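Every number in this text was worked out from the coordinates using simple rules, so none of it is lab data. None of the values given here were measured: they were computed from a predicted structure. Neighbour counts run over all protein chains shown; Cβ positions are idealised from the backbone, glycine included.
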Ligand SMILES: Nc1ncnc2c1ncn2[C@@H]1O[C@H](COP(=O)(O)OP(=O)(O)OP(=O)(O)O)[C@@H](O)[C@H]1O
Ligand SMILES: [Mg+2]
């Protein structure tokens, strides 16, 4: 696409005045010369239109060729012996135009064409005169000037084009940066709104909890007081009791998730916490048909943990595993191993002992469906009929607040089951990474 012309009008006027200067110089009364000069002037002013109409590729050939033809005609009409016309620099016009619109090779070719057109005037001259060394030298000087001017202009134009391209890229990068900044701002605003909504729901859940407790207690007493003769009333109050229990459990879990974590950190053996969670799961009858395989490394250091929270977190993972293997039963492998500094990506000599403790909880169930893998740590994501979808969100929040992490490992081998890997930092780094004041879930 031809760009809009940047030349101001007064430059065009100046150009015409210079061209007028050529018109009033000898030979003055040569109508063809004047007509050609007018044609050159008009063509120069309309050059951009020609480029636009004929298209970039064809247009540039047309403008250079037209100027070359006009220049050749002008030389032909300014002296009987055209080769010695003082108007010879007019050839610089097509040469510079070519240098502006073509690459180096194109410029050289067009300059050669202009030189050939000029040199062609030698043929009629040689019929009357013979070429002297001096004359040939003069001709060569003029032709060399053609090439020098063409190449110089072309070099500047190419450098200018490179600069323009650079600025275009820069402005493109800036535009991209700008739009991603706008997106980030929108995300931040959305997150702010969601946080406010979360706070509101947490407050609401908190307020609902107390009346729920009263309803739950009353339903229980009502259930006991009703005579067995009134079967319908007993059934209905039974419904009230179980459903209120469900809502109450939901509210408590939601509050567990929403409440800022106040960690009570103490040096603790991870294996002991896991054993407590296994015991709690067994008390709920979750381990009846599950075979537990323990792979606990000996002599592991204590980790700074909030025992109650971590017990809850491991319990959630164990319950999920038990629910995954279902009533048919299966295997639950729990491994607790050290992670040395090199594997953790730290400076190997930074500290004695492991950098972290890695707990893997793997079951022989069907595994997490591939399309769910990205979402299972988000709150209220569940595939279970009676599930709330807060279990893993709470687990992630607990380990995040301990400076650790949890992820679902890619299934390796033929076993389809899910394998959750928890990393808990130990040693000096653990303390610096933990953020007890934070109640936010840092998981994306
Ligand atoms: N061990 C597992 N095997 C297969 N799928 C799992 C496993 N653990 C979690 N999931 C999937 O992740 C989902 C979310 O788990 P999460 O513990 O957060 O919620 P939930 O168990 O459905 O409900 P609850 O809030 O009662 O725990 C589950 O519904 C299930 O689809
Ligand atoms: Mg769960």
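Sort 92-104, 289-301 for me by packing, meaning the mean count of neighbouring Cβ atoms within 10 Å per residue, highest on top.
Descending mean neighbour count gives 92-104, 289-301.
What shape does the range 266-433 take by its C-alpha gyration tensor, where a ≥ b ≥ c are the square roots of the eigenvalues and a/c under 1.5 counts as rounded, a/b above b/c as prolate, and the rest as oblate?
Prolate, because a/c is 1.5 or more and a/b exceeds b/c.
If I build a Gaussian network model for the chain, linking alpha-carbon pairs within less than 10 angstrom, which residue out of 47, 186, 311 has the largest mean-square fluctuation?
Per the Cα network of the chain with a 10 Å cutoff, 47 tops the list.
Pull up the DSSP beta bridges for the chain and report the antiparallel fraction as a percent, rounded to 5.
Around 75 percent of the beta bridges assigned by DSSP in the chain are antiparallel ones.
Can you show me the helix-derived [θ] at 222 nm for the chain, built from DSSP H runs with n ≥ 4 at -39,500 (n - 2.57) apiece and divided by the number of residues, rounded to the nearest 500.
Helix contribution divided over all residues of the chain: -21000 deg cm²/dmol.
Relative to the present Cα-Cα distance, how much length would full extension add between residue 344 and residue 218 at 0.36 nm per residue of separation?
My answer for the length gained is 39.9 nm.
At q = 0.13, 0.19, 0.23, 0.24 Å⁻¹, what log₁₀ I(q)/I(0) does a Debye calculation on the Cα points of the range 72-145 give, no solvent, two decimals?
Cα-only, vacuum Debye calculation for the range 72-145: -0.39, -0.78, -1.05, -1.12.
Compute the length gained on full extension between residue 159 and residue 176: take 0.36 nm times their separation in residues and subtract their Cα-Cα distance, giving the result in nm to one decimal.
Length difference between fully extended and current span is 3.6 nm.
Taking square-rooted eigenvalues a ≥ b ≥ c of the alpha carbon gyration tensor, is the range 244-336 rounded, prolate or oblate, where a/c under 1.5 means rounded and, failing that, a/b exceeding b/c means prolate?
Here the range 244-336 falls in the oblate category.
What is the range 188-275 by shape, rounded, prolate or oblate, if you read a ≥ b ≥ c off the alpha carbon gyration tensor as root eigenvalues and call it rounded for a/c under 1.5, prolate for a/b larger than b/c, and oblate otherwise?
It is oblate, given that a/c is not under 1.5 and a/b is not larger than b/c.
Determine the gain in length on full extension of the stretch residue 207-residue 187; use 0.36 nm per residue of separation and subtract their C-alpha separation, reporting nm with one decimal.
In short, 4.2 nm is gained.
Taking 7 Å along the Cα-to-C-beta vector as the label spot, tell me the residue 144-residue 250 distance in nanometres, rounded to one decimal.
Result: 9.5 nm between the two label points.
Per the Kirkwood treatment, what hydrodynamic radius in Å, one decimal, follows for the range 9-131 from the mean inverse distance over all distinct Cα pairs?
15.3 Å is the Kirkwood radius here.
By how many degrees, between 0 and 90 and to the nearest 10, does the Cα long axis of helix 231-258 differ from the longest principal axis of the chain?
Taking Cα atoms only, the helix is inclined about 50 degrees.
Between residue 35 and residue 126, what FRET efficiency follows from the Cβ-Cβ distance if R0 is 30 Å, with the result rounded to 0.05?
0.60
Can you pull the Rg over Rh of the chain, Cα-only, Kirkwood?
1.43
Using Cβ counts within 10 Å as a stand-in for footprinting exposure, how do 410, 373, 67 rank, fewest first?
By the 10 Å Cβ count, ascending: 410, 373, 67.
Would you give the gap between the C-alpha center of the range 272-304 and the C-alpha center of the range 69-148, rounded to a whole Å?
Centre-to-centre (Cα) distance: 96 Å.
Could you check which residue among 53, 265, 250 shows the biggest mean-square fluctuation in a GNM of the chain with a 10 Å Cα cutoff?
The residue with the greatest mean-square fluctuation here is 53.
How would you order 393-399, 273-279, 31-37, 176-182 from highest to lowest mean count of nearby Cβ atoms within 10 Å?
393-399, 273-279, 31-37, 176-182
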